[in-house]
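*Asks:* Please find one structure pasted underneath; my questions will follow.
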Amino acid sequence: MRDALERQRHILDFTIASLLRRKGKNGSLLAVYTLIIFILASVLFFTHALKREATEVLRETPEIIVQRTMTGRYQPIPLAYADRIRDIRGVITVQPRLWGYYYDGNFLANYTLVVPREDPPEPGKIDIGSGISRIREAYPGDIIGFTGHDGKPRNFSIRKILSDESQLISADLILISEADYRDFSGISADQATDLVLRVRNPKEYTTIAEKITRLLPDSRPIVRTEILRTYDAVFSWRSGLVIVIFSAAALAFVIFAWDKATGLSAEERREIGILKAVGWETSDVLQMKFWEGSAISLTAFLLGMILAYAHVFFASSFLFAPVLKGWSTLYPQFRLVPYVNFGHVAAIFFLTVVPYTVTTIVPSWRAATIDPDAVMR
Amino acid sequence: MRFSHSALYLAVTGTLLAVMAGLGAYSCFAVVAATPRLVRMSLMVKNLELTDLCLFSEASYTRHLSMADRFTPFQDSPMVFEHFPSGAVAGPPPHLIPIQNRRWIQGGED
């Protein structure tokens, strides 16, 4: 046993020395390999953590929301609809919800106006999200002016800034009183943006949504399970951003492994020939190549994973920020909770380290089984 | 004293493995430590009746992904294509995807 270990140690010694002799080539190989794993792992860490955080945070989102559309466009919903929906068996409460958007042309930012049901600001006052506070450099007591639906300016005094820790849900929010919102947006007193329902039994969400559609054909119900599934689907590995980055990284890795699998360089073939000539067995050569493949791929895997973790969970995924920001000037500053799916870590390991190591061994096996004299020629 | 190449390699690999294990342990602690903050955020979602994360504020249909519909990405005008960058990053919510395509998208969860 001790001899076997000692033998492996010597082979590893030789392998590392051989890798270090070709520092430039192997160094760049390690850098590219690490970069591919870093990108793959960053995307997986980011999307998984975001999905988990969305699930945790949005679990108390409204059970059913009813909106109204007319020829495919949203319309304010009459409060009379609430009375008709309330009659459906299983519905506990129906509440109007007032919210909308405001485009701030001076800062090129979109804000979301919300009328809170509990503890709303007094008329003339607003609470703002910390994202708005940051870009406008506005603080409690300051006055902010917005242009209303009639083109007239309205001034609001800032009551408070919403907590910094909740930026992921509140960076662009403006909480405003009902009277101010109706005056500002022009929505009449007998209408709301949409309706929020509470239902006795969560298993009846779909049934109640169907009843609402039958009762009010111009309505559009959205149930909580759909809201929760949205972030799961939007950031699943088969959608949008993820599949684009995945495809690019996977293609790079295939080219990389293909290059390795299709043959050895003349220098590597000569090295194998010399080793065979000085008495190395074919199995020794294969073990050396195994160590070579493992040394590069395992180091790249570990480095890539650690860097990806630091990028996503310590550096707020700063490399993804330009992609996620798009044209928006208001973007939340948040640090994701490090939810890590160890299945993803294992998947990256088996999809990168194992194939690379195997593709290193196969061409070497072909070279190692040929006569040393022929290989050296 | 001169270390052999194998000893150096094993030391580096061991250190990297230890860092990874440390990050795994940190994750477990950080998730527990973040629970009160997530509960507060969840309470805020409940009180303000919010539906979405504030990730992409450039367009209404990406700001409120779960409230999105089929037509606003195209700016309500025939032959005008969806043009906000975040529309390419975030796909449509599952309830807007035709049933025959839904399995492909939803099957991709994890």
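*Asks:* When the stretch B:1-59 is examined, which residues are found to be under 30 Å from A:Leu330 (Cα atoms), hydroxyl-bearing (Ser, Thr, Tyr) and facing another protein chain (nearest Cβ under 7 Å)?
*Replies:* B:Ser27, B:Ser42, B:Thr51, B:Ser57
*Asks:* Same structure again: For A:Thr207, state whether it is part of a helix (DSSP H, G or I) and away from every other protein chain (no Cβ under 13 Å).
*Replies:* Answer is yes for this residue.
*Asks:* Which one is farthest from the other protein chains (Cβ to nearest Cβ) among residues in the stretch A:212-232 that are polar (S, T, N, Q) and crowded, with 17+ Cβ neighbours inside 10 Å?
*Replies:* Out of the qualifying residues, it is A:Ser219.
*Asks:* Among what's in the stretch A:290-311 and is closer than 14 Å to A:Ile348 by Cβ and without any contact (Cβ under 8 Å) to a residue 24 or more places away in the chain, pick the residue that is surrounded by the most Cβ atoms within 10 Å (Cβ to Cβ).
*Replies:* Of everything passing the filter in the stretch A:290-311, A:Leu302 is surrounded by the most Cβ atoms within 10 Å (Cβ to Cβ).
*Asks:* Please find, among A:Thr34, A:Thr55, the residue that is at pLDDT 90 or above, within 30 Å of A:Ser294 (Cα to Cα) and part of a helix (DSSP H, G or I).
*Replies:* A:Thr34
*Asks:* Looking only at the stretch A:43-62, decide whether some residue is under 30 Å from A:Asp127 (Cβ atoms) and more than 22 Å from the chain's Cα centre (by Cα).
*Replies:* Scanning the stretch A:43-62, I find at least one residue that is under 30 Å from A:Asp127 (Cβ atoms) and more than 22 Å from the chain's Cα centre (by Cα), so the answer is yes.
*Asks:* Run down A:Glu122, A:Glu118, A:Glu137 and say which single residue is surrounded by fewer than 17 Cβ atoms within 10 Å (Cβ to Cβ), within 11 Å of chain B (Cβ to nearest Cβ), more than 17 Å from A:Tyr102 (Cα to Cα) and of a type in the set (D, E, K, R).
*Replies:* A:Glu118
*Asks:* Quickly run through the stretch A:312-356 and pick out the residues that are farther than 23 Å from A:Glu56 by Cα and crowded, with 20+ Cβ neighbours inside 10 Å.
*Replies:* Matches in the stretch A:312-356: A:Gly326, A:Ser328, A:Leu330, A:Thr352, A:Val353, A:Tyr356.
*Asks:* Within chain B, which helices (runs of 4 or more DSSP H) (wholly inside it) include 1 or more residues that are loosely packed, with under 13 Cβ neighbours inside 10 Å and modelled with pLDDT of 70 or more?
*Replies:* In chain B, B:5-48 are the helices (runs of 4 or more DSSP H) which contain 1 or more residues that are loosely packed, with under 13 Cβ neighbours inside 10 Å and modelled with pLDDT of 70 or more.
*Asks:* Ok, one more. Within the stretch A:164-193, track down each residue that is surrounded by 21 or more Cβ atoms within 10 Å (Cβ to Cβ), part of a helix (DSSP H, G or I) and within 31 Å of the chain's Cα centre (by Cα).
*Replies:* A:Ser166, A:Gln167, A:Ile169, A:Ser170
*Asks:* Return the pair list, or none, for Cβ contacts closer than 7 Å from residues in the stretch A:50-79 that are at the interface with another protein chain (Cβ under 7 Å from one of its Cβ atoms) to residues that are surrounded by fewer than 17 Cβ atoms within 10 Å (Cβ to Cβ) and among the basic types (Lys, Arg), at least 6 apart or on different chains.
*Replies:* A:Glu60/B:Lys46
*Asks:* Determine, yes or no, whether A:Ala300 is over 16 Å from A:Ser42 (Cβ atoms), more than 7 Å from chain B (Cβ to nearest Cβ) and modelled with pLDDT of 90 or more.
*Replies:* no
*Asks:* Sort through A:Asp172, A:Asp150, A:Asp164 and tell me the only one that's in contact with a strand residue (DSSP E or B) (Cβ under 7 Å, 6 or more places away or on another chain) and either within 14 Å of chain B (Cβ to nearest Cβ) or of a type in the set (D, E, K, R) (or both).
*Replies:* A:Asp172
The values are calculated or read from the model by the stated rules, or taken from the named source; none is laboratory data. Since the structure is predicted, the reported quantities are computational estimates derived from the model, not experimental observations. Every residue, glycine as well, gets a Cβ built from its backbone with ideal geometry; the counts of neighbours run over all protein chains shown.
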